[in-house]
Amino acid sequence: MARVVVTGGSGFIGSHVCDSLIARGDEVVCVDNLLTGQKSNVEQLFGNPRFSFVEADVVRDLPVDGDVDLVMHLASPASPPEYLRLPFETLDVSSIGTRRALDLALDRGARFFVASTSEVYGDPLVHPQHEEYWGNVNPIGPRSVYDEAKRFAETLTMAYHRYNGVSVGIARIFNTYGPRLRPADGRVVSNFLVQAMNDRPLTIYGDGLQTRSFCYVSDEVRGLLALADSNETGPMNIGNPCEFTMLELAEIVREITGSSSEIVYEPLPTDDPTRRKPDISRAEALFGWSPKVDLREGLRLTYESYLAQQCHLGS
Ligand code: NAD
Ligand code: UDP
C-alpha cells in the first residue's frame, strides 16, 4: 500500500486516478480547489477510510502532513475554453503549483508524476508525434498560456530530477474522454454529445478536417499508473493512436446517439493544431501498455453516462 497525493483529484482524469488507486488498496489524499473540477466526481470515495479530500489551491498551499510515497500532479484547467478563460490560473498552477508539488515530493522522498500534454508538440510538423520531437508552439499565441506552462512544468520537473535527485515521471496525455468529462466544459467530445442529445447542430470549428486521437479514460489511467509505478522518467506519450477528423467524429456521435442534428461550421480557434496522433511505441515497449477501448465503444459508454445525468434535458 502506498500513500499517494493527487492534485486535481476531483477533476475528470484525476477522479478516475483516485478510483483506481483506492481500488488497488492505496491511500489517497486528493487536493483540489474545485476550479474546473467537482466534488461529486469523488463523492463515491468519501466514506472510505483510505481516502481524504483537501480543498486547497496548490498555487498557494499544499497542506499534506505525514509520509508520502507518490505525488501525482494533475491540477490544471485542460479544456481550451477553460484555460483561455483562466489564463493566469493556468500559468500559475503549472509553474508555481508544480514547484509546490515537487517540493512536497522532495521533502518526503516521494516519487513525482506530472500530467503533461500533447500540446507541448503544438501544431506538430512531425506526424505521428514521438517523444523526441521538440514541438512547434507559438510562445505568444492564445494557447501558449497552457502549452508553455506545461512545457515549463516539464522543465521544472527535469531540474528537480537532475539537481535534487527526485524520481520523476512525465506523462504526455493525448485527448482523453469518458464519463465525468463535464458536459459543459467545451471540449469537442462533450460538445458533440450534448448537442446531438438535444437535437442541436454539431459545431465544427474550421473545415472539420483537423484530426485528433481520442483515448478512453480507463485506458488513459492504466497507462498513467504504469508510468507512475515505474522508475521511468519519460517523457511518455499516453494516448490512443487511432486518428479521426472532427467530421468523422461528428458522424460517429450522430450514429451512436441516433441524432439527426445537422452540422454547422464555426471559425477555427487561433493556432488550433492541424493533426495529432501519438507514437506510443515507448509505453508499449516498456509497460506492455496499449489502449483497448475503441472510439465507438468509448463514446457509447460516455453517452450512457450523459443519459444518466440527463444531459438530453440540456443540463
Ligand atoms: P479537469 O479540468 O477536469 O481537472 C483538473 C482539476 O485540477 C480540476 O479538478 C481543478 O479543479 C483542479 N485544479 C486546477 N487548478 C488547481 C489549483 N490551483 N489547485 C488545486 N486544484 C486545481 O481536467 P482533466 O481533463 O481531468 O485534466 C487533468 C490533467 O491532465 C491536467 O493537468 C491536464 O492538463 C492534463 N491533460 C488532460 C488531457 C485531456 O484530454 N483530458 C489532455 C492532456 C493533458
Ligand atoms: N472542436 C470543434 N467543435 C467543438 C469543439 C472543438 O470542431 O465544438 C475542434 C477544435 O477546434 C479542435 C478539436 O475539435 O480542432 C479538438 O478540440 P478540443 O477542445 O476537444 O481539444 P484540443 O485538442 O484542441 O485541446
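If contacts are Cα pairs under 8 angstrom and at least 6 residues apart, what is the relative contact order of the chain in percent?
Across the chain, relative contact order equals 17 percent.
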Whole-number D in µm² s⁻¹ for region 86-144, Kirkwood Cα-pair radius fed into Stokes-Einstein, 10 °C, 1.306 mPa s:
118 µm²/s
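As an exercise, find the ratio Rg/Rh for region 1-133 from alpha-carbon atoms, using the Kirkwood inverse-distance average for Rh.
Rounded to two decimals, Rg over Rh is 0.99.
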Please name which of Val68, Thr90, His312 has its Cα lying farthest along the dipole of the chain towards the positive end, using unit charges on Cβ (Lys, Arg +1; Asp, Glu -1) and the Cα centre as origin.
Val68
Going residue by residue through region 196-210, the Karplus relation 6.51 cos²θ - 1.76 cosθ + 1.60 with θ = phi - 60° gives ³J(HN,Hα) values, rounded to whole Hz and with x marking Gly or Pro, of 5, 5, 10, 6, 9, x, 7, 8, 9, 8, x, 8, x, 8, 5
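Treating only the Cβ atoms of Lys and Arg (+1) and Asp and Glu (-1) as charged, compute the dipole magnitude of region 15-112 about its Cα centre; round to the nearest 20 debye.
That gives a dipole near 180 debye.
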Under 5 Å between amide H atoms, partner at least 5 residues away or on a different chain: which partners does Thr176 have, H built in plane at 1.01 Å?
Cys215
Rounded tilt (10° steps) of 246-257 against the dominant C-alpha axis of the chain
80 degrees
Would you list which lysines come within 17 Å of Lys292, measuring only between C-alpha atoms, while excluding same-chain residues fewer than 8 positions from it?
Lys277
Would you mind checking which residues have amide H under 5 Å from Thr117's amide H? H placed 1.01 Å from N; only 5 or more apart, or other chain.
Ile173
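Order of 121-128, 213-220 by packing, highest average Cβ count within 10 Å first?
213-220, 121-128
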I'd like the distance between the alpha-carbon centres of region 186-207 and region 1-73, rounded to an integer number of Å.
31 Å
Compactness of region 137-222 as Cα Rg over 2.2 N^0.38 Å, two decimals
1.44
Given a 10 angstrom Cα cut-off, can you work out which residue in Gln210, Gln44, Gln195 is the most mobile in a GNM of the chain?
Gln44
Computed over the Cα atoms, what is the radius of gyration of the chain divided by 2.2 N^0.38 Å, N being its residue count?
0.95
Taking the Cα centre of the chain as origin, sum charge times position over the Cβ atoms of Lys and Arg (+1) and Asp and Glu (-1), and report the length of that vector in debye to the nearest 20.
200 debye
Could you list which residues have their amide H under 5 Å from that of Arg3, counting only those 5 or more apart in sequence or on another chain, with H placed in the peptide plane?
Glu27, Asp69, Leu70
Quick P(r) readout (region 69-226; Cα-Cα; 10 Å bins; whole %) gives 10, 35, 37, 14, 3, 0
Mind checking the angle between helix 144-164 and the chain's longest principal axis? C-alpha axes, 0 to 90 degrees, to the nearest 10.
20 degrees
Normalised radius of gyration for region 159-315, please: alpha carbon Rg relative to 2.2 N^0.38 Å, two decimal places.
1.16
Restricting the calculation to Cα positions, tell me the Rg (one decimal) and the Dmax (whole number) of region 248-304 in Å.
15.9, 44
Rg in Å to one decimal, and Dmax rounded to a whole Å, for region 20-93 via C-alpha atoms
13.5, 38
Out of the trypsin sites (Lys or Arg not before Pro) in region 225-289, which ones are loop residues according to DSSP with at most 10 other C-beta atoms within 10 Å?
none
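Read-outs: derived from the displayed coordinates by stated rules, not from any lab. This structure is a prediction, so every number in the text was calculated from the model and none was measured. Cβ atoms come from the backbone with ideal geometry, glycine included; neighbour counts cover every protein chain shown.
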